[in-house]
Amino acid sequence: MTYWNGHGMNGWGWFAMSLGMTLLWALLIVAGVLIVRAVGRVPGAPHPPDGRPSAELLLGERFARGDIDEDEYRRRLAVLRGDVPHPGGHSP
């Protein structure tokens, strides 16, 4: 319904409408950015921010190629993850 004859919005109505429109656009932009970031993500091993593959990923690739055997893979993986038993059998 249109408002004629002095029944229009006052200053607060214009302010509320402007604020609401700004919040709507901000919400749409944030949702769009989050969707693009979620779709652009590739499943699998995460890469560090500098784009280089992680040490665990490189170790896994060496194991898959047959460069190292299973025992060496497990030993090196334990070292990378910090799961190495301390001498004397005591954990810190």
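Scanning segment 62-84 for residues that are open to solvent by less than 80 Å² (accessible area, probe 1.4 Å) and of a type in the set (Asp, Glu) yields one hit, 72. The criterion of at least 2 residues that are among the acidic types (Asp, Glu) and at pLDDT 65 or above is met by the following helices (runs of 4 or more DSSP H) wholly inside the chain: 55-65, 70-81.
The values are calculated or read from the model by the stated rules, or taken from the named source; none is laboratory data. Just so we're clear, the structure is a prediction, and the values are computed from it rather than from any experiment. Heads up: the accessible areas ignore ligands, DNA and RNA and are worked out on the full protein's heavy atoms, side chains in. Shrake-Rupley method; radii C 1.70, N 1.55, O 1.52, S 1.80 Å.
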